[in-house]
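Q: Handing you this structure, nothing more for now.
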There are 4 protein chains.
Amino acid sequence: MRVGFIGLGSMGRGMAESLLRGGHEVVAWNRTRERAEALRGAGAAVAATPAEAARAGVVLTMLSDDRAVEAVEGGPDGLRAGLPRGGLHVSLSTLAPETVTRLAREHAAAGQDFLAAPVFGRPDVAAAGKLNVVAAGPKAALERARPLLDAVGQRVFPVGEDPAQAALVKLAGNFMLTAAIEALAEALALVGKAGVDRARFLEVLTETLFAAPAYRTYGRALLEGRFAPPGFTLPLGAKDNRLFLQAGERHQVPLPLASLVRDRMLAALARGYGGLDWAAFGHLAEEEAGAPPLPPAEPRG
Amino acid sequence: MRVGFIGLGSMGRGMAESLLRGGHEVVAWNRTRERAEALRGAGAAVAATPAEAARAGVVLTMLSDDRAVEAVEGGPDGLRAGLPRGGLHVSLSTLAPETVTRLAREHAAAGQDFLAAPVFGRPDVAAAGKLNVVAAGPKAALERARPLLDAVGQRVFPVGEDPAQAALVKLAGNFMLTAAIEALAEALALVGKAGVDRARFLEVLTETLFAAPAYRTYGRALLEGRFAPPGFTLPLGAKDNRLFLQAGERHQVPLPLASLVRDRMLAALARGYGGLDWAAFGHLAEEEAGAPPLPPAEPRG
Amino acid sequence: MRVGFIGLGSMGRGMAESLLRGGHEVVAWNRTRERAEALRGAGAAVAATPAEAARAGVVLTMLSDDRAVEAVEGGPDGLRAGLPRGGLHVSLSTLAPETVTRLAREHAAAGQDFLAAPVFGRPDVAAAGKLNVVAAGPKAALERARPLLDAVGQRVFPVGEDPAQAALVKLAGNFMLTAAIEALAEALALVGKAGVDRARFLEVLTETLFAAPAYRTYGRALLEGRFAPPGFTLPLGAKDNRLFLQAGERHQVPLPLASLVRDRMLAALARGYGGLDWAAFGHLAEEEAGAPPLPPAEPRG
Amino acid sequence: MRVGFIGLGSMGRGMAESLLRGGHEVVAWNRTRERAEALRGAGAAVAATPAEAARAGVVLTMLSDDRAVEAVEGGPDGLRAGLPRGGLHVSLSTLAPETVTRLAREHAAAGQDFLAAPVFGRPDVAAAGKLNVVAAGPKAALERARPLLDAVGQRVFPVGEDPAQAALVKLAGNFMLTAAIEALAEALALVGKAGVDRARFLEVLTETLFAAPAYRTYGRALLEGRFAPPGFTLPLGAKDNRLFLQAGERHQVPLPLASLVRDRMLAALARGYGGLDWAAFGHLAEEEAGAPPLPPAEPRG
């Protein structure tokens, strides 16, 4: 299938490559053009504008936040202008539910379809085409996008016809990860200070009740205090935490554990951990128990 | 091997049966004698006192809390009096690290060995002999106890020679469970109130990043609001939470997530959920979002 | 002095009356005109538009939130259009610091002055002209507004020349009140359940270390469980809490106590306490200790 | 009146001096005898044992914790042994309610009276005889102790006949102070980082809604980051926080704000602030916002 692909950050590049490997024709656009050019070798065409990428009829976006999506949507060179009537926008980004609702409405007004299909997985998983995709939108749109989602993901989980619900499920999944990080961080801080072998403790967890990817990935990161290079940066994690809390506010659902994570993340940002992986907020538990701060992150170049 | 077994509650009975199935001779004692008598059919002998059970030379205890262990340890009819010099006490209960340290010291003073071997798993898992055992104590004691631990558990995790460390690892593991329960509870409360299919949401979690027993077991309980009959009661869960917080206090490690769980558990107890499974504290997240309290628990008979 | 006054809610009316009592000429405007008409008897003129009120040259606004201020500022009938060059807008509302910054910039662009002067005090205090005023803005603007502020307040606290700082001080003051409410609520819930005479306990506090208006006012409300009629409604309190947390986010300052209050307020809103005084969130402490919810609030008519 | 006085720490010495100034005869005992000898100049007699001090018929104790009180109570040289039948023990310390209940019972069994009369105020206030006293116990005992309490305090608040209630009121009062410290700390951290004049902010609070000693004392300490010499040390504050939380546990009252303070205090202890005033836990709010830790405390000599 011929598809536009907008947003070639660490996640998007791997996804675009998965599409190419799957035999799809990709017309790539990125704000910094070099990142799009770098995909030519793998067989991608490069678009000069979001509109041009969208002319493919189906366009996927993988952008860092709501503002970045809005920046490519509108205007004469924007995605919406380029997408034909009957075209389909598949949004893979993690966005606020209400942004997703607005995007769906605007596309509908232009006679276009919209599917929210945020993904779980870090850059290495994206590169391997093994992401988990949560999808919500009209059934026909999902069917049409299916071959593309199958190319980037190992599994697709339809969660309904309202795109905002996929957005909320994704935010809730990210919240679950932060809860696991905080729990691991507190437990490791205590058992470590009490003299227990922390690696052994983690083994007990991840080979029994917590034999799950979330605990293996973040348990290891906390154990080793290794938060660079980031798979997902702390400011983006803080953004998702904020969106989750805002959803709680809208629906009047108190979320004390998410609030706790919020304050941890702010403390980590105030410490200067903004260039590190989001799991670095877990280091605060060690610091509150008396450990020194993390060494300053290498400047990213 | 001939072994004494003290404490035939919902966990202990399954473990004693596993020992009998494994070909061991069991001399059982229980505070309410009927529970010991009930094991006769499966081949157990019944002791009149803890001392008599301990005369087997190796004695296992599975009791609900520190006080219950202390109640069987001392005095002329107590475990310590009956256990021969060179005998071994294997404590399977979840106890405070300092209680474990004291027990080890008292047994050492009597020329006896002590092994802390708390277990992860609920009554059905105990009945199936599939518990996970965390063991700490002198190597020789561990080797001696190994055939017994293999009979009750699917896997044994040695964590060092200081028995107190097994106690702390067990408390930390229980803390991890409560953190998962709280996280699931908040997420389910929000996505449910926002109209997402909660069962589908749980499926997304437990088939991807959270594909672990902890999330499947407690996710289902929360989804169905089913907290009876209890696998592990709330007051016992609150006791373990308290011991974990006390360990944090002793080692000067702040544990805000454990503190949050503490307050949830107290609220659940104040609501009258003391006869329910400990996961019932997770229902508080729904109630704070506007849901009605759980119906009063059936009296246990 | 001739002044426009925009916003005649329970706070604004008392302030406008204080101005009239102080000998000032008031040109009043309110979205629901009846509330402006009601002031005619006290000597006020009634404006047809915000612009008309602003033509007085100095205009005061007392509105419920940022959106309400923005709604009267712009457009051909708006405050800014009516205010002459060299005119002064004194904003008495509790607003986000960045809203205040933007208002100041927009007035500056129109050759007008802007002063942020949010007030502490409830409707009865406003009616008595005894508010405490926190003011920030250019010195000349403050001097010009001084007679008006003296008419509505018992005391004016200048806090600098950047209007956003008055906004933040006001939000922080409201946060301090919520912290006092939560502290009182927890302490009263515990001592009450333990059998201590709660009124006596409150007396001990308010006649010794906590001999301050905040504790007397809210202590009594909590003691009596009396949250209607509201002096300041819960949704407005939740709005201020949100603005305070957002300021924490912008400046990377974790605010765990404000987060705790956030979750309390959401739980109170989910319980249906939205028509009550904001101190009603304090009742959650009692409910978590086992007390029944508050009776449904009378519909406000 | 002739009275024994046991416990001449920074608080007790001031109180004993107040008694002497009030014309009472004081027989002093202290674990480190020098501190008792130092009172001879002011007219006190020095006892060789707690029993000897208690022989006066009325004995006051001002000790740092439950254990210290238990250490002077029992044994042949202990307070209880020396106190005549019909004698009275007035406990001025801050103790667990259940300790107070046990003391009352033990004195009753010995035909003696017991009054719990914990005090609010720091060493300078004790020296000035201006403490606030919360008293509970049999009416006759209170009447008998009244002249003594009037000598040490500016005001006595009877709160009932059950001594445990005075203990709980005192713990709750201390909790209120920690809540005020945390609130001040968070607010100061934010307004300070945002560029507001912190001293001015504090003035706004303490001259309006928070015009109370608690806010003036601790606001100034936080403003100046001055936590030495301690008026009341952090470990003692942490002890009182623990007792308050334990009371919450016993009565099934969740206390999330007290839990937050708990974790702050543990972090402060882990930072090495154990020799500082308890208000030093408030510095954590600054540190989480990016400020450096407090300089190491001078060793106390």
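The values are calculated or read from the model by the stated rules, or taken from the named source; none is laboratory data. As the structure is a computational prediction, the values presented were derived from the model and not from experiment. In this analysis, Cβ positions are derived from the backbone assuming ideal geometry, glycine residues included, and neighbour counts consider all displayed protein chains. Each accessible area value is taken on the protein alone, full model and side chains, heavy atoms only, with ligands, DNA and RNA left out. Shrake-Rupley method; radii C 1.70, N 1.55, O 1.52, S 1.80 Å.
Q: Could you check region D:127-163 and list, in sequence order, the residues that are over 28 Å from C:Ala179 (Cβ atoms), touching a residue at least 60 places away in the same chain (Cβ under 8 Å) and open to solvent by less than 30 Å² (accessible area, probe 1.4 Å)?
A: Once the filter is applied, which keeps residues that are over 28 Å from C:Ala179 (Cβ atoms), touching a residue at least 60 places away in the same chain (Cβ under 8 Å) and open to solvent by less than 30 Å² (accessible area, probe 1.4 Å), region D:127-163 yields D:Gly129, D:Ala145, D:Leu148, D:Ala151, D:Val152, D:Pro163.
Q: Quick one: is A:Leu294 in a loop (DSSP other than H, G, I, E, B), in contact (Cβ under 8 Å) with a residue 60 or more places away in the chain and either under 29 Å from A:Glu98 (Cα atoms) or not assigned by TED's automatic domain parsing to the domain that holds A:Ser10 (or both)?
A: On the way: in a loop (DSSP other than H, G, I, E, B): yes; in contact (Cβ under 8 Å) with a residue 60 or more places away in the chain: yes; either under 29 Å from A:Glu98 (Cα atoms) or not assigned by TED's automatic domain parsing to the domain that holds A:Ser10 (or both): yes.
Considered against the rule, which asks whether it is in a loop (DSSP other than H, G, I, E, B), in contact (Cβ under 8 Å) with a residue 60 or more places away in the chain and either under 29 Å from A:Glu98 (Cα atoms) or not assigned by TED's automatic domain parsing to the domain that holds A:Ser10 (or both), A:Leu294 comes out as yes.
Q: Oh, and also: Do we find that C:Ala81 is buried (at least 16 other Cβ atoms within 10 Å of the Cβ) and over 27 Å from C:Gly231 (Cβ atoms) in this structure? Spell out how you get there, then give the answer.
A: On the way: buried (at least 16 other Cβ atoms within 10 Å of the Cβ): yes; over 27 Å from C:Gly231 (Cβ atoms): yes.
When the stated conditions are applied, C:Ala81 passes them.
Q: If a residue must be more than 7 Å from chain A (Cβ to nearest Cβ) and in contact with a helix residue (DSSP H, G or I) (Cβ under 9 Å, 6 or more places away or on another chain), how many such residues does region C:256-278 contain?
A: So the count comes out to 14.
Q: Which ones in region B:1-15 are aliphatic (A, V, I, L, M) and closer than 20 Å to B:Arg80 by Cα?
A: B:Met1, B:Val3, B:Ile6, B:Leu8
Q: Any idea how many residues of region C:166-198 are open to solvent by 10 Å² or more (accessible area, probe 1.4 Å) and touching a Lys or Arg at 6+ places or on another chain (Cβ under 9 Å)?
A: Of the residues in region C:166-198, 2 are open to solvent by 10 Å² or more (accessible area, probe 1.4 Å) and touching a Lys or Arg at 6+ places or on another chain (Cβ under 9 Å).
Q: Determine whether B:Thr178 is over 20 Å from B:Pro97 (Cβ atoms), assigned by TED's automatic domain parsing to the domain that holds B:Leu276, among the polar types (S, T, N, Q) and at pLDDT 95 or above.
A: no
Q: Hey, any hits in region D:98-109 for a residue that's surrounded by fewer than 23 Cβ atoms within 10 Å (Cβ to Cβ), within 14 Å of another protein chain (Cβ to nearest Cβ) and not hydroxyl-bearing (Ser, Thr, Tyr)?
A: Yes, the conditions are met somewhere in region D:98-109.
Q: May I ask you to list the residues in region A:226-238 that are farther than 20 Å from A:Met62 by Cβ and either within 10 Å of chain C (Cβ to nearest Cβ) or not small (Gly, Ala, Ser) (or both)?
A: Result: A:Arg226, A:Phe227.
Residue by residue, here is whether (1) over 26 Å from C:Pro123 (Cβ atoms); (2) within 10 Å of chain D (Cβ to nearest Cβ); (3) in contact with a Gly (Cβ under 9 Å, 6 or more places away or on another chain) holds:
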| site | (1), (2), (3) |
| --- | --- |
| C:Ala179 | no, yes, no |
| C:Ala187 | yes, yes, yes |
| C:Thr208 | yes, yes, yes |
| C:Glu224 | no, no, no |
| C:Asp240 | no, no, no |
| C:Gln246 | yes, no, no |
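Q: Same structure, new question: Identify all residues within region B:90-124 that are of a type in the set (A, V, I, L, M, F, W, C) and under 17 Å from B:Ile6 (Cα atoms); write none if there are none.
A: Of everything in region B:90-124, those that are of a type in the set (A, V, I, L, M, F, W, C) and under 17 Å from B:Ile6 (Cα atoms) turn out to be B:Val90, B:Leu92, B:Leu95, B:Val100, B:Leu103, B:Phe114, B:Leu115, B:Ala116, B:Ala117, B:Val119.
Q: What residue, among those in region D:63-78 that are among the acidic types (Asp, Glu) and either open to solvent by 10 Å² or more (accessible area, probe 1.4 Å) or not assigned by TED's automatic domain parsing to the domain that holds D:Arg13 (or both), is farthest from C:Glu207 (Cα to Cα)?
A: Checking each candidate, the answer is D:Asp77.
Q: Does C:Ala267 fit the bill of being modelled with pLDDT of 95 or more and within 23 Å of D:Val261 (Cβ to Cβ)?
A: Against the criterion (modelled with pLDDT of 95 or more and within 23 Å of D:Val261 (Cβ to Cβ)), C:Ala267 qualifies.
Q: Another question, if that's okay. So, in region B:97-118, exactly how many residues are within 14 Å of B:Met62 (Cα to Cα) and of a type in the set (A, V, I, L, M)?
A: Of the residues in that region, 4 qualify.
Q: Yes or no: A:Ala81 aliphatic (A, V, I, L, M) and touching a strand residue (DSSP E or B) at 6+ places or on another chain (Cβ under 8 Å)?
A: Judged against the criteria, A:Ala81 is not a match.
Q: Quick one: count up the residues across region D:83-104 that are of a type outside the set (A, V, I, L, M) and under 28 Å from D:Gly237 (Cβ atoms).
A: 9
Q: Hand me the list of helices (runs of 4 or more DSSP H) wholly inside region B:187-272 holding 2 or more residues that are in contact (Cβ under 8 Å) with a residue 24 or more places away in the chain and over 24 Å from A:Leu190 (Cβ atoms). Talk me through it step by step, then tell me what you get.
A: Details: elements: B:198-206, B:213-224, B:234-250, B:256-270.
In region B:187-272, B:198-206, B:213-224 are the helices (runs of 4 or more DSSP H) which contain 2 or more residues that are in contact (Cβ under 8 Å) with a residue 24 or more places away in the chain and over 24 Å from A:Leu190 (Cβ atoms).
Q: Could you tell me whether D:Phe281 is in a loop (DSSP other than H, G, I, E, B), closer than 29 Å to B:Leu257 by Cβ, touching a residue at least 40 places away in the same chain (Cβ under 8 Å) and more than 10 Å from chain C (Cβ to nearest Cβ)?
A: no
Q: Okay, next question. Could you run through region A:240-258 and say how many residues are buried (at least 22 other Cβ atoms within 10 Å of the Cβ) and either out of contact with any Leu (no Cβ under 7 Å at 6 or more places or on another chain) or among the charged types (D, E, K, R) (or both)?
A: 2
Q: If you scan region B:162-176, which residues turn out to be in contact with a helix residue (DSSP H, G or I) (Cβ under 7 Å, 6 or more places away or on another chain) and within 7 Å of another protein chain (Cβ to nearest Cβ)?
A: Matches in region B:162-176: B:Leu168, B:Val169, B:Ala172, B:Gly173, B:Phe175, B:Met176.
Q: Write out, first by first residue and then by second, each pair whose Cβ atoms fall under 6 Å of each other, whose residues are 6+ apart or on separate chains, and whose first residue, in region B:17-41, is touching a residue at least 60 places away in the same chain (Cβ under 8 Å) while the second is in a loop (DSSP other than H, G, I, E, B) and open to solvent by less than 60 Å² (accessible area, probe 1.4 Å).
A: Taking only residues 6 or more apart or on different chains, the pairs are B:Ser18/B:Gly129.
Q: Filter region A:21-61 for residues that are among the aliphatic types (A, V, I, L, M) and open to solvent by 30 Å² or more (accessible area, probe 1.4 Å); which is nearest to the chain's Cα centre (by Cα)?
A: Per the criteria, the residue is A:Ala38.
Q: Taking region C:127-148 on its own, how many of its residues are outside any loop (DSSP other than H, G, I, E, B), within 14 Å of another protein chain (Cβ to nearest Cβ) and within 15 Å of C:Arg21 (Cβ to Cβ)?
A: 1
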